[in-house]
1. If I take R0 = 22 Å and measure r between the Cβ atoms of ASP74 and GLU29 in this structure, what FRET efficiency does the formula 1/(1 + (r/R0)^6) give, to the nearest 0.05?
2. Under a GNM of the chain (C-alpha, springs under 10 Å), which listed residue has the highest mean-square fluctuation: LYS33, LYS75, LYS50?
3. Taking only C-alpha pairs under 8 Å that are 6+ residues apart, what is the relative contact order of the chain in percent?
4. Treating the beta-carbon of each Lys and Arg as +1 and of each Asp and Glu as -1, no other charges, what is the dipole magnitude of the chain about its Cα centre, to the nearest 20 debye?
5. Taking every pair of Cα atoms in the chain, average 1/r, invert it to obtain the Kirkwood radius, and report Rg/Rh to two decimals.
6. Using 0.36 nm times the number of residues separating GLU40 and LYS56, minus their current alpha carbon distance, what extension gain do you get?
7. Taking only protein heavy atoms into account and a 1.4 Å probe, give the accessible area per residue of the chain in Å².
8. At a Förster distance of 22 Å, what's the computed FRET efficiency of PHE6 paired with LYS99, Cβ-Cβ distance as r, to 0.05?
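The values are calculated or read from the model by the stated rules, or taken from the named source; none is laboratory data. Quick caveat, the model's predicted, so the values are computed rather than measured. Glycine gets a Cβ as well: all are built from the backbone with ideal geometry, and neighbour counts include every protein chain shown. SASA here: full protein model, heavy atoms, side chains in, ligands and nucleic acids out. Shrake-Rupley method; radii C 1.70, N 1.55, O 1.52, S 1.80 Å.
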Amino acid sequence: MLEKMFEQAQNAYKPMNELLNLNTKVFEEMAEKQKTLVTEMMNDGMAFAKELGSQKDFSGVYQAQKSYMEGLQDKLVSASTDFYDMFTSTQEKAGEVIKSAATV
């Protein structure tokens, strides 16, 4: 009897555990992606500062700034797309977990 109650409790909390594991995985991935993005942005900023310091005329400054901003824009668009895709897939997985829990 006690074993059956324990088994029922495990089955009742199984969807919550799955959601918790899913959230943990997403936060770990998000932290890693954000760390990578910030590191790349800092490296690009330092490279831009070096390049800017070596420019002698306005057109060189303009081209350096233009190149830096285009690269930054590409990185931010790519990162936001990655985050959106990650959250969308996580939302779908969470929906599946909730649906499977509701049918049990």
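1. Values: r = 21 Å, r/R0 = 0.95.
That pair, ASP74 with GLU29, gives E of 0.60.
2. Greatest mean-square fluctuation among the candidates belongs to LYS50.
3. 43
4. Values: 11 positive and 16 negative charges, 28 e Å.
Once rounded to the nearest 20, the dipole reads 140 debye.
5. On the way: Rg = 23.6 Å, Rh = 17.6 Å.
Taking Rg over the Kirkwood Rh, I get 1.35.
6. 3.1 nm is the gain from fully extending GLU40 to LYS56.
7. 82
8. It comes to 0.30.
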